[in-house]
Structure formats: structure tokens, C-alpha cells
Amino acid sequence: MKMIYFEDIELGLREELGSYTFTAEDIIQFASEWDPQVFHTDPEAAKDSIFGGLVASGWHVNVIWMKLIVASRLNRMRKEGFRMAGGVSPGFKDMKWLVPVRPGDTLTYFSTSAAKVDLKSRPEFGILQSHNEAVNQDGVTVMTFTGQAYMRKRPKE
Amino acid sequence: MIYFEDISIGDKETLPVRHISKEEIIAFATEYDPQPHHIDEEAAKHMLLGELVASGWHTACSLIRMIFDANREARAFLGSPGVEELRWRRPVKPGDTLRATSEVIEARRSKSKPGLGLTKTRFEVFNQDDVHVMTMETWAMFACRPPSSSDRAEASS
């Protein structure tokens, strides 16, 4: 099986991760467990909120990114016969929820390899930064963030 | 009701603790982050971290719930425009009990939207052994106190 190391990653590649439709039921279920603000859980009360109706928790929009990237990567790895040497994340930056996500919205998620950062403390690893977006059915970008993942460097011969 | 004016830089809070069970780790990850080290105890032993650990998104969502549960008094909260930075510092493991602290580090009125204020809060999450597992710096929007609200009448009476 081919191993993909830090050095093998090409920058600037934009990968489509997949699409997901947010139903009212789904929005309420996620938010009831993790983020029970009334504008995420109560369609009636949400009408009087700043959003004027039910909207998905931003964290719901985020975890669907994770769900889709795992599915998309596993799929590609199976199909193309490779493994990524790494993937554990130290965190993310500049998460922006730009536009509310409402029941019936379909988001398509994209991830672009954006930058490579060397680690002084752990020379056998690098950090791959990615630019991530969720775009709704009208072509409006609703969420962006900079993701980060540790990748192992190619072992020295 | 807590309005923007009631929030000051330096305000600190301790959030209620939250227990993270193995069942919850597996259930969350099965839905949103189905990588072997989050869903399969046996497979996790042979991977980078050597044991089953919670998805970082699970830890983040747990913090969001802890923040909600801490806010017993009604707040004029108008949602969040995003997260400046989130760092996963150490893995969260089955049986961990998380605690968190918050500190308001910025507060300013919106230039574009009168009647609205923005706060930036730093959250630090620790496990039962006081190991620092996660940091998040996030923005929140609050309504400013309405000029003739009953709250104001109460406050000045």
C-alpha cells in the first residue's frame, strides 16, 4: 500500500468532500444534545429571534465537514490504494459562520491544501494547513476555516 | 436579562463539569468522525495514540454544552460569528471528567450594527488530573441594553 507523506502533498488542490442536506429534524436533534439555543431547537420561538427562523448550530455545520472528509478520504484511500501518514489535528483557526444554515439547505464542502509548516519541536512531523469551505445550494459560502493536520515526513533511508 | 453592557473584560467563570463515557465517545464518532481511533478500542491500540480517544469535535461540542449549562440567567445572546482559534492539546479519554474556565478577553460595540456588541472569550478545558486538554477563543454577539427596558428601570430603582 502506498503511503502519502508530508512531502507528497501538493499545495493548491481543491477537493470536493461531498454534500449534506440539513433537515429541521436533524438541526433540532443535534442542537438539543450539544447547543440548545432556542434558535436551533424551537422553530416557533426562533421566529422571534435575530435569525427569524430555525437555523443550524455552527457546530453542526462543522461536524458534518468532519463526517464528509472522513468518508471522502476513506473512499479515495480504498479506491486509489494509499494511506495518509498522519491526520491527527492540533486544532483549527479562523472558523467563520458567515451565513445561517436553514432547514432544507444543502451544503457542499470543499478542502484545499493551503500551506505546509515545519515543526522545530518534532522534526519528523509537519503540519499541513487546509482552507475549508461549505457552500450552499445558491453558491453562497456559509462557513470557512483553516484546518491543520500533523503529517509524518518520509522516513530517511 | 444579561446584555452586552453587563459583560466586562476580565470576567471569569467556572463551568459545570461534564463526564465523557466510552459509549458517548463511540456514539459521537460513529455519527460524525468514524476514524478507528475514535470508534474501535482494539484498532486504536495499534494506532498513533495507542488507545481509544474522543474526537476533538466531541470535546468541542461538550464545551459548547458546558457553556450553555453554565448560563442559568437569560442572556441577550445573538449567536456567534465564529471561533478565532481552537487547540486540541491532549487527548480526551473514556471516563474523563472535563472542567472548564472562561475569561472575557475583548468586548466592543459593533461598528456596522448599532445595538449589538461583540465579546471574545477564552475557554480552557482540563481533565480530572488537571491536564490542559483544549483551548478555544471564540466570539459571541449580544444585544445592547434597550434604552427604555424594564431591566434598566429595575437597575436604577
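Where a number appears in this text, it was derived from the coordinates with a stated rule and is not lab data. Everything quoted here is computed from the prediction, not taken from an experiment. Ideal geometry is used to build each Cβ from the backbone, glycine not excepted, and the neighbour counts take in all protein chains shown.
Using the Cα gyration tensor of the protein assembly as shown, with a ≥ b ≥ c the square roots of its eigenvalues, what is the shape: rounded (a/c below 1.5), prolate (a/b larger than b/c) or oblate (neither)?
Cα axes put the protein assembly as shown in the prolate bin.
Taking beta carbons within 10 Å but only from partner chains, what does the mean come to for residues B:77-90?
Counting other chains' Cβ atoms within 10 Å and averaging over B:77-90 gives 6.
Suppose we keep just the alpha-carbon trace of region A:1-120; what are its Rg and Dmax in angstrom?
17.7, 56
Please state the charge dipole magnitude for chain A, taken about the Cα centre, from unit charges on C-beta atoms (+1 on K and R, -1 on D and E), reported in debye and rounded to the nearest 20.
In debye, rounded to 20, chain A gives about 980.
Assign unit charges at the C-beta atoms only (+1 for Lys and Arg, -1 for Asp and Glu), then state the dipole size of the protein assembly as shown relative to its Cα centre in Debye, rounded to the nearest 20. The partial results should precede the final answer.
Numbers: 39 positive and 45 negative charges, 203 e Å.
Using Cβ point charges on Lys, Arg, Asp and Glu, the protein assembly as shown gives about 980 debye.
How high is the relative contact order of chain B, given as a whole-number percent (alpha carbon pairs under 8 Å, six or more residues apart)?
After rounding, I find 29 percent.
Among the lysines, which fall within straight-line cross-link reach of B:LYS111, defined as a Cα-Cα distance under 25 Å, with same-chain neighbours fewer than 8 residues apart omitted?
Those lysines meeting the cut-off are A:LYS93, A:LYS96, B:LYS120.
Express the Stokes-Einstein translational diffusion coefficient of region B:4-156 in µm² s⁻¹, to the nearest whole number, given a Kirkwood radius over alpha-carbon pairs, 37 °C and a viscosity of 0.692 mPa s.
191
Taking the Cα centre of region B:4-156 as origin, sum charge times position over the Cβ atoms of Lys and Arg (+1) and Asp and Glu (-1), and report the length of that vector in debye to the nearest 20.
About 640 debye.
Take the alpha-carbon centre of region A:18-49, take the same for region B:1-64, and report the distance between them in whole Å.
20
Once both labels are modelled 7 Å past Cα along the beta-carbon direction, what's the B:ALA43-A:GLU10 spacing in nm?
For B:ALA43 paired with A:GLU10, the spin-label model returns 2.9 nm.
Amide H to amide H, which residues 5 or more places from A:MET143 or on other chains are under 5 Å from it, using H placed in the peptide plane?
HN-HN under 5 Å from A:MET143: A:LEU98, A:ALA134.
Note down the relative contact order for chain A as a percent, whole number, built from C-alpha pairs under 8 angstrom at least six residues apart.
30
Across region A:106-122, in residue order, what do the Karplus-derived ³J(HN,Hα) couplings come to in whole Hz, using 6.51 cos²θ - 1.76 cosθ + 1.60 with θ = phi - 60° and x for Gly and Pro?
Ordered by residue, 3J(HN,Hα) equals 10, 9, 10, 9, 10, 9, 10, 5, 10, 7, 10, 10, 7, 10, 5, 6, 9 Hz.
Quick one: net charge around A:LYS67, please, counting Lys, Arg +1 and Asp, Glu -1 for every other residue with C-beta under 10 Å from its C-beta. All intermediate terms of the calculation are to be shown ahead of the outcome.
On the way: positive: none; negative: B:GLU31, B:ASP33.
Computed value for this residue: -2.
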